[in-house]
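> What follows is a structure written as structure tokens; I'll ask about it next.
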Amino acid sequence: MDLESKLLAIVKDGAELEDTYVWSKLIDVDHNMVVGTMNSLIGDGYLLSTAKSEEFWVLTEEAEGYVTNGSPELQLFRAIPVDGADETGLVAALGEALVKVGLGKCMKSKWISRDKASGRYFRSVESVERDDLVEQLLSIKNGALEDSGLIKDLKKRQLIAQMFVLLSHAAAQRHTLSSRLTPHLLSPKLQNLRKRTSYKVTAGPKWAPVRAVLSSELTKEMLDSGEWATATFRKYNFEAAGREPGGGHLHALMRVRAEFRQILLEMGFNEMPTNRWVESSFWNFDALFQPQSHPARDAHDTFFLTTPSRTVSIPEDLLSRVQAMHEGGGGGSLGYRYSWKRGEGEKNLLRTHTTAVSARMLYALANAPGGFKPAKLFSIDRVFRNEALDATHLAEFHQVEGVVADVGLTLGDLVGVITEFFRRIGITDLRFKPAYNPYTEPSMEVFGYHPDLKKWTEIGNSGIFRPEMLLPLGLPPDVRVIAWGLSLERPTMIKYRCKNIRELFGHKSKLEMTRSAPIARF
Ligand code: PHE
């Protein structure tokens, strides 16, 4: 019979199992196993239990030594030969401590005597039959009953335990073993008190002699055979913690995006709506004071759309202000002095930078009901460029962009905000190098010292947006807009030690990129 059926049988007809621990000894099964099986049966309503804790004694190391070698007095008695022994010899053989205790006890029990003239010890009895201390210790060790004389060996002990279960089975007796345990007569040097929990077990509301096999799912086979009609189904456990999902890792790029987003949010930036990959040339270039003859506007650099090829919904007044600025300047600028073509601006393209979205947002800020209010904005999204593909360039990548608009901002503010942003992503040494963008003046490339790579690398581009860009958008003349941008891929490649961008992004990307833990801060 298996453990489950044994447990079910023992509590049949209102009977009780008085103590799982005693029972586990009787059937020679680990108590934890019994408790495990019991709990599982309780879970399905077959059993009920009441916990009880019991105190019991265990032998110390010293006491275990006596059980093996005999009590100090017996060891001493044995060490005395027929022609006697002197104390020095005994100490040499047994050690001082043992001789001290052993001599006292042996003299008291009159097992030995001391010859006054020679000072030697001699046996007074021929042999010693009983070793009371060891018997006492053994009865403790065996968890024996009060009358330790009753139980000499394991067999007898098992018999008693059996009797005990039979008695409790009849539900007549309520004695527990603990009440009959050997009282603590011995010194704490020999025994320690321990605690254990065991259980009284009775039949539960759903008791049955055999545990029903519960079906956990309805299968096609059950439907075919008709078994579904009689099967008992396992109840759903809606409280179960469930297994932790093994999937769902963030891709390295998305992980870094999440970190950057968090940092920018913590710095008080709001996210821009970047959900438009198709953009008009107007917002991508013209609104940014990028002349229509600029080489970046060539099909060699930019992906233009054939369908739909044009955007016509650009506000008229804005169009004409931008045209005027390109053609003739304004606010102190001379403009580019060429003939601006509306058709060029209407051409659709895949945006080449997220600065197109920043321009839209600045226009919205300038024309917000109630007038312009200062703002801190950021975006992290995809951009497209008609690039020759190599280890560090793809035709599409992600840009991180930050924009701050307020009255009277300076280059110092730009350096400050960039320094803080990069400090938070783990780069503290920065250098700024003059650069050129059509829409910013001054412009600065940002170089960072990478502590892991131990070299200066270009990590971003930045600048103060030109009045030629801001005035046509409708921003008040004293409003300054500082901005910076960087690619998301580069810090991710550095952080994850990825040498080829194609391992990170696109159809050749490695699965490890989705699982790897961060190994270095960028
Ligand atoms: N748009 C720039 C680029 O594509 C980045 C940039 C953003 C530069 C904002 C200055 C200001 O690299």
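Every read-out reported here was derived from the displayed coordinates using simple, explicitly stated rules and does not represent laboratory data. Owing to the predicted nature of the structure, the values given are computational and were not obtained by experimental measurement. Here the Cβ positions follow ideal geometry from the backbone for every residue, glycine too, while neighbour counts run over all protein chains shown.
> Under a Cβ-Cβ cut-off of 9 Å, what is the net charge of the residues other than Gly448 that fall near it, where Lys and Arg count +1 and Asp and Glu count -1?
-1
> FRET efficiency for Val128 and Glu61, Cβ-Cβ distance as r, R0 = 25 Å, nearest 0.05?
Result of the calculation: an efficiency of 0.55.
> For a Förster distance of 25 Å, can you work out the FRET efficiency between the beta-carbons of Arg78 and Ala117, rounded to the nearest 0.05?
For Arg78 and Ala117, the calculated efficiency is 0.50.
> Another question, if that's okay. Just grab the label-to-label distance for Asp390 and Met254, each label 7 Å out from Cα along the Cβ direction, in nm (one decimal).
Between Asp390 and Met254, the label points sit 3.1 nm apart.
> To continue, here is another question. Extension gain Tyr236-Asn275, at 0.36 nm per residue separation less the Cα-Cα distance, in nm?
This chain segment gains 9.8 nm when fully extended.
> May I have the convex hull volume per residue, in Å³, for the Cα set of the range 253-513?
On the way: hull volume 34.3 nm³, N = 261.
Output value, Cα hull per residue: 132 Å³.
> Given 0.36 nm per residue, what is the gain on full extension from Leu334 to Thr514 after removing their alpha carbon distance, in nm?
Details: separation 180, 0.36 × 180 = 64.80 nm, distance 5.15 nm.
Gain on extension, Leu334 to Thr514, equals 59.6 nm.
> With Rg and the Kirkwood Rh both taken from Cα atoms, where does Rg over Rh land for the range 1-69?
1.13
> If you don't mind, there's one more thing I want to ask. Take Arg497 and Arg194, extend 7 Å from each Cα along the Cα→Cβ direction, and tell me the distance between the two endpoints in nm.
Inter-label distance under the simple model: 4.9 nm.
> Now for a separate question. By the scheme Lys and Arg +1, Asp and Glu -1, what is the net charge of all other residues having a beta-carbon under 11 Å from that of His249? Kindly include the intermediate steps, with their values, before the conclusion.
Values: positive: Arg255, Arg515; negative: Glu512.
Computed value for this residue: +1.
> Next up: Using a simple spin-label model with points 7 Å from Cα along the Cα→Cβ vector, what separation in nm is obtained for Glu227 and Met1?
2.7 nm
> For the chain, would you read off the P(r) tail past 45 Å as a percentage of all alpha carbon pairs?
When every Cα pair of the chain is considered, 56 percent fall beyond 45 Å.
> Same structure, new question: Which entries in Lys12/Lys195; Lys433/Lys495; Lys341/Lys508; Lys376/Lys433; Lys454/Lys508; Lys110/Lys195 show an alpha-carbon gap greater than 32 Å?
Check vs 32 Å cut-off fails for Lys341/Lys508; Lys110/Lys195.
> While we're on this one: At 222 nm, what value in deg cm²/dmol follows for the chain if DSSP H runs of at least 4 each add -39500 (n - 2.57) and the sum is divided by all its residues, to the nearest 500?
Calculated at 222 nm, the ellipticity per residue is -10000 deg cm²/dmol.
> First select every other residue whose beta carbon is under 12 angstrom from the beta carbon of Ser49; then total the charges, Lys and Arg +1, Asp and Glu -1.
Charge balance in the 12 Å sphere: -1.
> Can you compute the FRET efficiency between Glu266 and Asp301 using 1/(1 + (r/R0)^6), with r the Cβ-Cβ distance and R0 = 51 Å? Round to the nearest 0.05. Intermediate results must be reported in sequence, preceding the final value.
On the way: r = 35 Å, r/R0 = 0.70.
It comes out at approximately 0.90.
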